[in-house]
Amino acid sequence: MMRIVVLASGKGSNLSALISEAKRTPDDFQIVAVLSEKAKCYAVQIAKDEGIPVRLILKKDHERRDSWNKA
């Protein structure tokens, strides 16, 4: 089984589609986390509602863009 992390920053339409597919074919892949740069995007709420761990990587927490990119 493939374990994937989803990058999200918007409405969560792609995340929702991936969640639906993961439920339909549970032996193919599992969404193990969602990363986002936006704490208040709907995708973050979708992930939380589904019990998927969320990690926020906020620009304000990094002095330089390259350190944010690495995070």
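The values are calculated or read from the model by the stated rules, or taken from the named source; none is laboratory data. As the structure is a computational prediction, the values presented were derived from the model and not from experiment. Don't worry about glycine lacking a Cβ; one is built from the backbone with ideal geometry, like all the others, and counts go over all protein chains shown. Heads up: the accessible areas ignore ligands, DNA and RNA and are worked out on the full protein's heavy atoms, side chains in. Shrake-Rupley method; radii C 1.70, N 1.55, O 1.52, S 1.80 Å.
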Query raised in the report: Is there a residue being over 26 Å from Met1 (Cβ atoms) and under 11 Å from the mean Cα position of the chain (by Cα) anywhere in region 30-37?
Result: yes
Restricting region 30-47 to residues that are at pLDDT below 95 and assigned to a strand (DSSP E or B), the one least open to solvent (accessible area, probe 1.4 Å) turns out to be Ser36
Of those in region 7-25 that are in contact (Cβ under 8 Å) with a residue 24 or more places away in the chain and either in a loop (DSSP other than H, G, I, E, B) or touching a Ser or Thr at 6+ places or on another chain (Cβ under 9 Å) (or both), the residue most open to solvent (accessible area, probe 1.4 Å) is Lys11
Contact list, first residue from region 48-61 and part of a helix (DSSP H, G or I), second anywhere and surrounded by 12 or more Cβ atoms within 10 Å (Cβ to Cβ) and not charged (D, E, K, R), beta-carbon distance below 9 Å, six or more apart or interchain, is Lys48/Val34; Lys48/Val54; Lys59/Trp68; Asp61/Trp68; Asp61/Ala71
